[in-house]
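Novice: Have a look at this one.
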Amino acid sequence: MVRKYNFSAGPAALPEPVLIKAQQELMDWQHLGVSVMEVSHRSKEFIALAAGVDSKLRQLLDIPAEYEVLLLSGGARSQFAAIPLNLLGHHVTANYAVTGLWSKLAADEASRFTKVNIATNNYPDCCSIADSGNWQIDPEAAYTYYCDNETVHGVEFSSPPQVGSQLLVADMSSNLLSRPVDIRRHGLIHACAQKNLGISGVTVVIVRKDLLGTMPARAPSVLDYAAQAAKQSMLNTPVTFAWYILDLMLDWVADQGGVSALAEVNQLKANKLYDLIDQSALYQNKIDPVYRSRMNVVFHLADKSLEQAFLEQAASKNLVGLKGHRAVGGIRASIYNSMPEAGVDALVEFMREFEQQQ
Ligand SMILES: *Cc1c(COP(=O)(O)O)cnc(C)c1O
């Protein structure tokens, strides 16, 4: 068997120790003689797992007690609807910073429920992000929403935007746990798991408790943060296996030395790729260096007709998942926490060789 270096944007690579542990425990979890997928979410073993996920996330991300940690179903996209439904209250507008595909889709979804004020818009170019001091922010809006790392366009905020007294809401689906975050600057942070936190199915929502409880009566109760918080995110049957993998991932992150240690490695990995791209005549990345994503390195080949050969030859070296998103084309190397430095080194070496052949 060959384990390939998997640069897929999501569902993305998992650390080998996580996969091995899941394999070892698959037939018999916690000496119950059944797998974790086959036990009640009301069992004491599963309740303990859920409590562990909560406390491990709080510890790794330094989440203050005044925040609720919810584990919800329906992916990040269901949060695109849940966020305006939960946070609008008496307000009639929400601010959205459109810096790539995911924030654009979030703004589109929100416009089904509220008036959306586009505070800044770089779509579809998305090569940079306007300084937040120059955003057109409606001060009467319920919140200001941004996407911390645009997975498709490869654009990432280097620090949270400055939005005055506006409540800040962030999509961190593709970079939560990749670096320390100032939770207190935010009213809400959400992240689906299949990029940096595990497998698809579960979405982490970190939300300030005082914001809960204003959901309109005609909205679905499964999307109601207050209702979910009251039931420890078990208003309906949770995606138990995704919670289990999340738990293993959190242990793995702690084993790596935590979020700060991973942040250093992540920066190093990204630098290796951007340094190569910047020295190359073949590979091109047009993104403002300040906003280049540490998670999704998006680039094009100067000669587009070589891209297919690039992908095929990379695959023959066991470097897979490199095709860019259909919205932007080109190549995308997603290098989340789980991608070891050796994987990036192998990609850099391949890219050098490929350029020399041309
Ligand atoms: C993948 C992704 C999403 C969508 O997640 P789903 O779980 O498929 O709904 C949203 N935002 C960002 C930043 C993403 O990377």
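Quick note: the coordinates plus some simple rules give every number you see, no bench work behind them. Bear in mind the structure is a predicted one, so any value in this text is a computation, not a measurement. Cβ placement follows ideal geometry from the backbone for every residue including glycine, while neighbour counts extend to all protein chains displayed.
Novice: For GLU150, state whether it is acidic (Asp, Glu) and within 16 Å of the ligand (Cβ to nearest atom). I'd like the intermediate steps shown before the answer.
Specialist: Values: acidic (Asp, Glu): yes; within 16 Å of the ligand (Cβ to nearest atom): yes.
When the stated conditions are applied, GLU150 passes them.
Novice: Which of the residues spanning segment 198-257 are away from the ligand (no atom under 16 Å from the Cβ), touching a His at 6+ places or on another chain (Cβ under 7 Å) and of a type outside the set (A, V, I, L, M)?
Specialist: THR237, THR240
Novice: Here are SER200, SER178, SER174, SER165: which of them is among the polar types (S, T, N, Q) and without any contact (Cβ under 8 Å) to a residue 40 or more places away in the chain?
Specialist: On the way: SER200 fails: without any contact (Cβ under 8 Å) to a residue 40 or more places away in the chain; SER178 fails: without any contact (Cβ under 8 Å) to a residue 40 or more places away in the chain; SER174 fails: without any contact (Cβ under 8 Å) to a residue 40 or more places away in the chain.
Unique residue meeting the criteria: SER165.
Novice: Further question on the same structure: Can you name every one of the helices (runs of 4 or more DSSP H) wholly within segment 236-327 that holds 3 or more residues which are of a type in the set (S, T, N, Q)?
Specialist: 259-279, 307-316
Novice: Here's a follow-up. If I filter segment 68-113 down to residues being of a type outside the set (A, V, I, L, M) and under 11 Å from TYR143 (Cβ atoms), which single residue comes out as nearest to the chain's Cα centre (by Cα)?
Specialist: TYR96
Novice: Within segment 60-86, which residues are more than 16 Å from the ligand (Cβ to nearest atom) and either in a strand (DSSP E or B) or under 14 Å from ALA193 (Cα atoms) (or both)?
Specialist: Matches in segment 60-86: TYR67, GLU68, VAL69.
Novice: Please pick out the residue among SER35, SER103 that is within 16 Å of the ligand (Cβ to nearest atom) and among the hydroxyl-bearing types (Ser, Thr, Tyr).
Specialist: The conditions single out SER103.
Novice: So which residues in segment 153-162 are crowded, with 22+ Cβ neighbours inside 10 Å and in a loop (DSSP other than H, G, I, E, B), if there are any at all? Lay out the reasoning, then the answer.
Specialist: Keep residues of segment 153-162 that are crowded, with 22+ Cβ neighbours inside 10 Å, which gives 153-156, 161.
HIS153, GLY154, PRO161, listed by residue number.
Novice: Tell me which of these PRO11 doesn't satisfy, since it passes every other one: (1) part of a helix (DSSP H, G or I); (2) within 22 Å of the chain's Cα centre (by Cα).
Specialist: PRO11 satisfies all of (1) part of a helix (DSSP H, G or I); (2) within 22 Å of the chain's Cα centre (by Cα) except (1).
Novice: Return the residues of segment 184-230 that are assigned to a helix (DSSP H, G or I), hydrophobic (A, V, I, L, M, F, W, C) and closer than 30 Å to SER8 by Cβ; say none if nothing qualifies. Steps first, answer last, please.
Specialist: So in segment 184-230, the residues assigned to a helix (DSSP H, G or I) come out as 184-185, 209-211, 221-223, 225-230.
Imposing the further condition that a residue be hydrophobic (A, V, I, L, M, F, W, C) reduces the set to 211, 222-223, 226-227, 229-230.
Result: VAL222, LEU223.
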